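Trainee: This structure is in structure tokens; I'll ask about it shortly.
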Amino acid sequence: MKDARMRNEQTDTLKQYIDAAASITVFTGAGISAESGIPTYRGDDGLWNTYDPAKFADIDYFLKDPAYYWNFFKDIRYPFIASAEPNMAHAALADLEKQGLLKCLITQNIDGLHQLGGSRNVLELHGNTRHIKCLTCRLEYSMDEVFGILAEQLPPVCPACRGPLKPDVVFFGESLSRDVLDRAVKASRDCDLFLVVGSSLVVQPAASLPTIAKQNGAIVIIINKDPTPLDGMADMVLHTGASSALAGITRQ
Ligand code: NAD
């Protein structure tokens, strides 16, 4: 009973911040897609408890032993992402954009669920795993096409030139797109409300965006199940699930 009252009060406060805002930038991480069934890296059900990120998410390891990544893709990444649907939290953010309040959605996610949920102005800092490119001829393939190739050939090669294939995501050890990062920094500077949803806020340089927003005068709100290193500087922190926090926040 007490918990329910506290949750209602938090939702009311969150809504008041949103109603008072003129320009909102949202920054999302793996936590927002957890309720769509895609495991996070960190947190209780995180992938890091089972798979070694030094192997499946590291560019040097990928180039040395691509089969490790492609086995992970075949067994885990593809089945989870191909079957995932956007959830209520993705929908609430798409609604905020339609109302003209949310100007820019910055995501660390590589699952494409924001776009499937109706968001348009999305900056994907770490790329999108649904797109797979040949490192030699740069031809692009869909996730489904490459999953089909994997039944015959692992690691897969480009059907056109036999070059190695790589998902269009930023691995540890690779640089983010300068253009995307510059636009994300600008959107963090220009907003008056910066909302973090479902990120552990430990991966740099993405995790510096809330601080940039704060330094430029924005209100910063963090919605994440577990504590983050930036909780202390935020104006409001909700340690709860993304959907329950965002349900009912859009203006009627
Ligand atoms: P992270 O795994 O480091 O942290 C996720 C956070 O989400 C955790 O702190 C956890 O407490 C929180 N969380 C879990 N369930 C939640 C829920 N229902 N509601 C709210 N919060 C919840 O993720 P990150 O900060 O995005 O950063 C790490 C990297 O993970 C990024 O580079 C991203 O590309 C990659 N990643 C992406 C996906 C995806 O695209 N869905 C999945 C796994 C990892």
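Derivation of every value follows stated rules applied to the coordinates shown; laboratory data play no part. Computed from a prediction, not measured in an experiment: that's the story for all the values here. A quick note on method: Cβ atoms are made from the backbone with ideal geometry, for glycine too, and the neighbour counts reach across all protein chains shown.
Trainee: Describe numerically, in nm with one decimal, the distance between label points set 7 Å from Cα along Cα→Cβ at ASP144 and at ASP168.
Mentor: Going from the ASP144 label point to the ASP168 one covers 1.7 nm.
Trainee: If each of ALA160 and THR13 carries a label point 7 Å out from its Cα toward its Cβ, how far apart are those two points in nm?
Mentor: Label-label distance for ALA160 and THR13, simple model: 5.4 nm.
Trainee: Say R0 is 25 Å: what FRET efficiency, to the nearest 0.05, do ALA54 and SER177 get from their beta-carbon distance?
Mentor: The computed FRET efficiency comes out at 0.60.
Trainee: Another one. In nm, to one decimal, how far is the GLN99 label point from the MET236 one, both placed 7 Å along Cα→Cβ?
Mentor: Roughly 1.2 nm, to one decimal.
Trainee: Something else now. Considering only DSSP beta bridges whose two residues both sit in the chain, what percent are antiparallel, to the nearest 5?
Mentor: Taking every DSSP beta bridge with both residues in the chain, the antiparallel ones total about 30 percent.
Trainee: Is it possible to state the helix-based mean residue ellipticity at 222 nm for the chain, with each DSSP H run of 4+ residues giving -39500 (n - 2.57), the sum divided by total residues, to the nearest 500 deg cm²/dmol? What is it?
Mentor: It comes out at -10000 deg cm²/dmol, rounded to the nearest 500.
Trainee: Something else now. Using the alpha-carbon atoms, what tilt in degrees (0 to 90, nearest 10) does helix 88-98 show relative to the longest principal axis of the chain?
Mentor: Roughly 70 degrees between the two axes.
Trainee: If a cysteine in the chain has no other Cys Cβ under 4.7 Å from its own Cβ, put it on the list, ordered by number.
Mentor: So far as the 4.7 Å Cβ criterion goes, CYS104, CYS191 stand without a partner in the chain.
Trainee: In addition: Between SER244 and CYS137, what length in nm is gained on full extension when 0.36 nm per residue of separation is reduced by their alpha carbon distance? Kindly include the intermediate steps, with their values, before the conclusion.
Mentor: Details: separation 107, 0.36 × 107 = 38.52 nm, distance 4.50 nm.
Contour length minus the Cα-Cα distance gives 34.0 nm.
Trainee: Any of LYS74/LYS166; LYS98/LYS225; LYS186/LYS225; LYS74/LYS225 with alpha carbons more than 22 Å apart? Name them for me.
Mentor: LYS98/LYS225; LYS186/LYS225; LYS74/LYS225
Trainee: Which of SER83, SER23, SER188 comes first, and how do the rest follow, when ranked by fewest Cβ neighbours within 10 Å?
Mentor: The fewest-first ordering by Cβ neighbours comes to SER83, SER23, SER188.
Trainee: A follow-up question, please. When only C-alpha pairs under 8 Å and at least 6 residues apart count, what is the relative contact order of the chain, in percent? Could you put the intermediate results ahead of the total?
Mentor: Numbers: 429 pairs, mean separation 60.6, N = 252.
Result for the chain is 24 percent.
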